[in-house]
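Working notes, beginning with the structure itself.
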Amino acid sequence: MVNYIKNLKSLIFFEEPEKIEEFILKESNDEGKAEIKEAQKDSDRTPELKKRDRSIIKKPMSAASGNDSGEEQGENKEKDSNNKHQPSAVKPRENISTSVEENLRYMKDIFTVPDNGDIVIREFEITFKGKPVKAFIILIDGMTDRTVINSNILHPLMILSDKDFKTGEDDIGEFVKSRLLPHNQMKVTEKYQEVIDEINFGGCGLFVDGSKVAFAADVKGWLARGIERPNTELVLRGPQEGFNEILRANTALVRKILKDEDLIVENAKVGKRSKTPCSILYIKDIANESLVEEVKRRVNSIKLDYIIDSGHLEQLLEDDPYMLAPQIIATERPDRVAAALTDGKIAIIMHGSPFALVLPTTNNDLIHAAEDSYIRFPYANLLRCVRILGVFMSLLLPGLYVAITNYHQEMIPTDLLLAIVSAREKVPFPTVVEILIMEVAFELIREAGIRIPGPIGPTLGIIGALILGQAAVAANIVSPILIIIVAVTGIGSFAIPNFSLAYAFRILRFAYILLGASAGFLGITTGLFLQGVWLTAAKSFGVPFMAPFAPKTSGGFSDEFLRPPFWKQETRPDYVNPRDTRKQPKISRVWTQNNSEGDANE
Amino acid sequence: MKKLMIVLLIASLLTSLLTGCFDRREVDELAYVMAIGFDKGKTNILKITFQIAIPKGMGGGGGEEGGGGGGGDKNSMVLSIEAPTLYSAINMANTTVSRQLNTSHAKAVVFSKEMAQQGIDRYIHTLIRSREFRPNMYMVVSRTSAEEFIKSVQPKLEGNPAKYYELTLNSYNYTAFIGNTQLINFYNAASAFYSNPVATLGGVNAFKSSKDFNLNDSTYTEKREKYPQEGDFRAGGITKYGELKTEFMGLAVFDGTKMVGELDGQETSYYLMATGQYNYAYWSIPDPKVEGYFILLNVKQSRKPERKVQMVDGKPNIHLKIRLEADILNIQSGVNYEDLKQLPVLEKSAEDYIKQGLQDMLNKTSKQYHTDICGFGAEEKRKFLTWEEWEKFNWLSRYKDSTFNVDVDLKVRRPGLLIRTIPSPTSEGNMEVQNQ
């Protein structure tokens, strides 16, 4: 009873809460250290760089970190630059020790073993010249293939090493490499860092007592998505394979199509910490060498900690980050990458991303779909015309509608005009507001449609169609003709094959609405002019963005706006300056000639 | 640099606001004039009649049937204002019409015959100078007052009077009873030294019922015919009764910008042939062999007319050759004109008929009206080296002395679906019509 009253009292009267120390996220001691280090490193270089970095130095820092930086500066020179991310007491070392205990201790330190739960260390013994030798393997659970490790590494080392070998190597490292490990991809190294990188990427490190070298076996075996249909670039005709997240699977998909030893798959690593492997693909005797150099230069010069997706890479590589149109094509389709490579372009495939980057990209490429070259040319040209129409509708239609209804009423047929007027009769807003309401609503539906969890998806359709479509008209918020305009615009934008370009046009569409509303056709013409200037001035990896239209390139490259029959597409695009400009002889269908006796190329 | 960019961006955004959208008008802030009528005013110089579209009535699919109100299917309203000029009338109209008058969709400009006879020079220039009036408006001269004419335009098939004007005034393509009298054509012909303009003749039908029909206004007596052909009428006098009161037939002939006479429907066909604007039309030609029967032809112009002008003793001698093609629609008498031996008879009679009409029309315009509506002067103009010489030559004053040499070449191409007319046998067993 007393408790009861007490509880009641506590509900009504104020009681001072108990003082409990809550968690407070304090500034880390290390904060700003790395930046200062970088800045100080740069200070030896050109004064311009110093100027740019001043802002970083100016950042406030605690007194403690300032002191630390002084000490670290001295150490910095000895340190392996790759190893800066270990702020703990572990002193980075370069060369592998011959003592397995020392190696084990060091590896445990590096991988913070008791704390890091998924690191597996297995110690065992090898028989070498009748004596047991200590060894251990280290790997990350879940990233490696257990059966491969068991049968290809542990089994031979632990059991088969007991066998009598006819010839005996003196060096245990050499012995293990040439006799004991039947695994196909082995890396032999004297450097810790290489082993660590390999382990981080699903490898298995092997250390043997008395050996100067360590081994890193490629036993990657994580679970991954299989090869599925590409989600964003569907075709009716043509290969239905899409890239997945595994780099080598992706490069193999491309190689599988091209089957050419001149296809070079160069490795590169991006990310100071993640060291994400990338492949730069090009065909040695087709791609322009300076273009290849430039791509390599850009990729290798990128400095950042982690990179997750090729979307990051695209943003780091593109020429003009402020331009709306994409300057690099991201594609899920191996056949599209292969076709681009045969034209002398370059592709970058990144581990962990199902989107390959194809560069350089021109405006022309953005409105071509993968399917275009697989279907017969009259069909392809119909599709292209429809697509161009879609592009222009999605860009200009709302703007034109606003311009015509506000400034140029004389332009439309009288009947249509009167229909528009009678539809607008009860709408209280000006046309611009009306169209902005609907466009924003449409953009909302679109965005929500992507974010909405699957099971609730149909609700969105009902809300969108019913409330926006019907109710808005019935409530005289918008006129029915405007719904048609917005719908046609939306459909037009779905017809753009490159979704990055579709985004760009969605943004520009609003600009054209405002231009049309403020100055009618004059405004829209000005906008088109400025956009034209913008696009013609842009470049993607040294190639003018509007090529082959502006500048008009020489040569018979014919896959421009419309496409000629496949057998007439004899040359590679001139604007990428390929080493080999011809991809078919003048007569590729030799059978059409009467005197041909099956001897091609003549 | 970055700051400068931001400043520039803001500045450019603000300047776009400065344009002020000064001529921005929402579509529903404007009243669209479909037709403009010019009459002599009672209290002022002009009485301007505007026909203004009522879009609410045309919306159609709006779904709210009851909302329309008392007017029923009222699609346009007519407003007459007496004012000294056209623009003052527009200004005065805006005192009562809630929306700003916009003439960019006007389809017809109607002058009363009275106005046209006094000269419409100054009004034409008003219309042609303005950006808002379309040069492809149709010029109509109404035989009644323009106000009455516009009030009577109540189309039944069309919801929209603009469409009524557009379609009916375009019917010269298949009736050949009116001309292509767009404002720009009128202005060009009126301002040239080699031609005179025409305007479509419009009128309000006079008959209250089909019992009232008379032929007082028909021109068949002038042509010494026994009964009127389809083209022997002028707008307003057509023997027709129905819900549509307005009609267009014939041309108003202008000398300069002063109306001097009228052509009936058939003469208009000849005018179109002589100028090469003739497309196709149905003709009823008297049967050359059997009295009282007609041969129905669908006559097309196969080539542009050949026109030559020679000056003989200072008088123009004009050669005109018209090439026509015809399809047989019917041979009432059943005479076997389809036969290749008889066909020339048919062709000859059609040629003669058209030739006679052409000759009469040309004589009428030159001798009676002294106007070169067919623009033969254009053929003479090319013979001059300098403009001064041509100006001094004064073609239009010489045209009345011209002589005409007309040649018509008509070829029958297709007999239709029947190769010959076979008369229906009767109980008496003999053929109803004679067959030579």
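This model, with +1 at the C-beta of Lys and Arg and -1 at the C-beta of Asp and Glu, gives the protein assembly as shown a dipole about its Cα centre of some 1820 debye. Modelled this way, with points 7 Å down the Cα-to-C-beta line, the labels at B:ILE6 and B:LYS208 are 8.4 nm from one another. Solvent exposure of B:HIS319, expressed as accessible area, is near 60 Å², computed with a probe of 1.4 Å over the protein chains only. Computed in the context of the full set of protein chains, the accessible area of the stretch A:377-543 at 1.4 Å probe radius has 81% of its extent on carbon or sulfur.
For the stretch B:286-345, a crude dipole built from +1 on the beta carbon of Lys and Arg and -1 on the beta carbon of Asp and Glu, taken about the Cα centre, is about 480 debye to the nearest 20. Between the residues A:GLN185, A:THR112, A:GLY142, the greatest Cα displacement towards the positive end of the dipole of the stretch A:107-252, with unit charges on the Cβ of Lys, Arg, Asp and Glu, is found for A:GLN185. In summary, the lysines within cross-link reach of B:LYS3, defined as a Cα separation below 22 angstrom excluding same-chain residues under 8 places away, comprise A:LYS50, A:LYS51, A:LYS58, A:LYS59. Each Cα pair under 8 Å and six or more residues apart adds its sequence gap; the mean of these over the residue count of the stretch B:138-192 is a relative contact order of 41 percent. Placing R0 at 35 angstrom, the Cβ-Cβ distance between A:THR592 and A:LYS552 gives a FRET efficiency of 0.70 after rounding to 0.05. Annotation note: chymotrypsin sites (Phe, Trp or Tyr not before Pro) in the stretch B:125-181 located in DSSP loop regions with a Cβ neighbour count of at most 13 within 10 Å are B:TYR174.
Estimate for me the total accessible surface buried between chains A and B (protein heavy atoms, probe 1.4 Å, no ligands or nucleic acids), in Å² to the nearest 100.
Details: alone 33870 and 22910 Å², together 54780 Å².
For chain A against chain B, roughly 2000 Å² becomes buried.
According to the Kirkwood expression over distinct Cα-Cα pairs, how big is the hydrodynamic radius of the stretch A:247-361, in Å? The partial results should precede the final answer.
Working: mean 1/r = 0.0715 Å⁻¹.
It is 14.0 Å.
With viscosity set to 1.306 mPa s at 10 °C, what whole-number translational diffusion coefficient in µm²/s follows for the stretch A:294-386 from Stokes-Einstein and a Kirkwood radius over Cα pairs?
Working: Rh = 14.5 Å.
The Stokes-Einstein estimate is 110 µm²/s.
Against the criterion of solvent-accessible heavy-atom surface with a 1.4 angstrom probe, B:MET92, B:MET259, A:MET186 sort, most first, into B:MET92, A:MET186, B:MET259.
For A:ILE264, the solvent-accessible surface with a 1.4 Å probe is about 40 Å², rounded to the nearest 10.
For the peptide A:425-438, the mean number of other protein chain Cβ atoms found within 10 angstrom of a residue's Cβ is 2. Toward the positive end of the charge dipole of the protein assembly as shown, with +1 on the Cβ of Lys and Arg and -1 on the Cβ of Asp and Glu, the farthest Cα among A:MET158, B:TYR282, A:GLY210 is that of B:TYR282.
Exactly which GluC sites (Glu not before Pro) in the stretch B:291-376 are in a DSSP loop and have at most 12 other Cβ atoms within 10 Å? Passing both the DSSP loop test and the Cβ count: B:GLU291. Per-residue 3J(HN,Hα) values for the stretch A:18-30, derived from phi via the Karplus relation 6.51 cos²θ - 1.76 cosθ + 1.60 with θ = phi - 60°, read 5, 8, 10, 6, 8, 6, 10, 7, 8, 4, 6, 5, 7 Hz in sequence order (x marks Gly and Pro). Sequentially through the stretch B:141-155, phi angles give Karplus couplings (6.51, -1.76, 1.60; θ = phi - 60°) of 10, 8, 7, 9, 6, 5, 4, 5, 4, 5, 5, 7, 6, 10, x Hz, Gly and Pro residues having no value and appearing as x. Sort the stretch B:282-425 into rounded, prolate or oblate with this rule: let a ≥ b ≥ c be the square roots of the eigenvalues of the Cα gyration tensor; rounded if a/c is under 1.5, and if a/c is not under 1.5, prolate when a/b is larger than b/c, oblate otherwise. Prolate, since a/c reaches 1.5 and a/b exceeds b/c. Annotation: for a label point projected 7 angstrom from Cα along Cα→Cβ of A:ILE159, residues of the stretch A:114-152 with backbone N closer than 11 Å are A:151-152.
Would you please name the trypsin sites (Lys or Arg not before Pro) within the stretch B:346-386 that are DSSP coil residues with at most 16 other C-beta atoms within 10 Å of their C-beta? Don't skip to the end; give the middle numbers.
On the way: sites: B:LYS348, B:LYS355, B:LYS364, B:LYS367, B:LYS381, B:ARG382, B:LYS383; in loops: B:ARG382, B:LYS383.
In loop regions of the stretch B:346-386 (DSSP not H, G, I, E or B), the sparsely surrounded trypsin sites (Lys or Arg not before Pro) are B:ARG382, B:LYS383.
Which pairs, out of B:LYS300/B:LYS355; A:LYS275/A:LYS345; B:LYS289/B:LYS348, put more than 23 Å between their alpha-carbon atoms? Going by Cα-Cα distance, A:LYS275/A:LYS345 fall outside the 23 Å limit. Scanning residues 5 or more positions from B:LEU324 or on other chains, those with amide H under 5 Å from its amide H are B:SER302, B:ASP409, B:LEU410, B:LYS411, with H placed 1.01 Å from N in the peptide plane. Note on A:402-415: average number of Cβ atoms from other chains within 10 Å of each residue's Cβ is 5. Probing with 1.4 Å while keeping every protein chain in the model, the per residue accessible area of the stretch A:247-361 equals 39 Å². Using the 1.4 Å probe convention, the accessible area of the stretch A:377-543 works out to 45 Å² per residue with neighbouring protein chains retained. Apolar share of the accessible surface for the stretch A:247-361: 52 percent from carbon plus sulfur atoms, 1.4 Å probe. If you take the charge dipole of the stretch A:377-543 about its Cα centre, with +1 on Lys and Arg Cβ and -1 on Asp and Glu Cβ, which of A:GLY461, A:MET411, A:VAL543 is farthest toward its positive end? Of the options given, the answer is A:VAL543.
Partner chain Cβ atoms within 10 Å, averaged over the residues of B:26-39 - can you pull that number for me?
Averaged over the peptide's residues, the number is 4.
Residues A:LEU535, A:LEU236 ordered from highest to lowest accessible area at a 1.4 Å probe: A:LEU236, A:LEU535.
The amide H of A:ASN288, built 1.01 Å from its N in the peptide plane, has A:ARG579 as neighbours under 5 Å, considering only residues 5 or more places off or on other chains. With a ≥ b ≥ c taken as the square roots of the eigenvalues of the C-alpha gyration tensor of the stretch A:377-543, please select rounded if a/c is under 1.5 and otherwise prolate if a/b is larger than b/c or oblate if it is not? Oblate is the answer for the stretch A:377-543, as a/c is 1.5 or above yet b/c matches or exceeds a/b.
Report the charge-dipole magnitude of the stretch A:177-295 in Debye, nearest 20, computed about the Cα centre from +1 at each Lys and Arg Cβ and -1 at each Asp and Glu Cβ.
Working: 18 positive and 18 negative charges, 103 e Å.
Roughly 500 debye for the stretch A:177-295.
Summary value for the stretch A:377-543: 45 percent relative contact order, contacts being C-alpha pairs under 8 angstrom separated by 6+ residues. Restricting to Cα pairs below 8 Å that are 6+ residues apart, what does the relative contact order work out to for the stretch A:100-218? Please round to a whole percent. In percent, rounded to a whole number, it is 28. State whether chain A is rounded, prolate or oblate according to the following rule on the C-alpha gyration tensor (a ≥ b ≥ c being the square roots of its eigenvalues): a/c under 1.5 gives rounded; otherwise a/b larger than b/c gives prolate, and the remaining case gives oblate. Taking the square roots of the gyration eigenvalues as a ≥ b ≥ c, chain A is oblate. Rounded to the nearest 10 square angstrom, A:LYS272 shows an accessible area of 100 square angstrom against a 1.4 Å probe. Working value for the protein assembly as shown: equivalent-ellipsoid semi-axes of 89, 39, 29 Å, each the square root of 5 times a Cα gyration tensor eigenvalue, largest first. Cβ-Cβ distance of B:ASN279 and B:LEU244, R₀ of 22 Å, FRET efficiency by 1/(1 + (r/R0)^6): the value works out to about 0.40. Note on A:LEU11 and B:GLU389: their simple-model spin labels are 11.7 nm apart, each label 7 Å out from Cα toward Cβ. For the pair B:SER88 and A:VAL433, label points projected 7 Å from Cα toward Cβ lie 4.0 nm apart.
Go through A:LEU25, A:LEU389, A:LEU400 and list them by solvent-accessible area, largest first, probe radius 1.4 Å.
From most exposed to least exposed: A:LEU25, A:LEU389, A:LEU400.
The values are calculated or read from the model by the stated rules, or taken from the named source; none is laboratory data. Bear in mind that the values here come from a model prediction, so they are computed numbers and not experimental data. All Cβ positions, even for glycine, are placed from backbone atoms using ideal geometry, and neighbour counts span all protein chains on display. Just the protein is used for accessible areas: all its heavy atoms, side chains included, with ligands, DNA and RNA removed. Shrake-Rupley method; radii C 1.70, N 1.55, O 1.52, S 1.80 Å.
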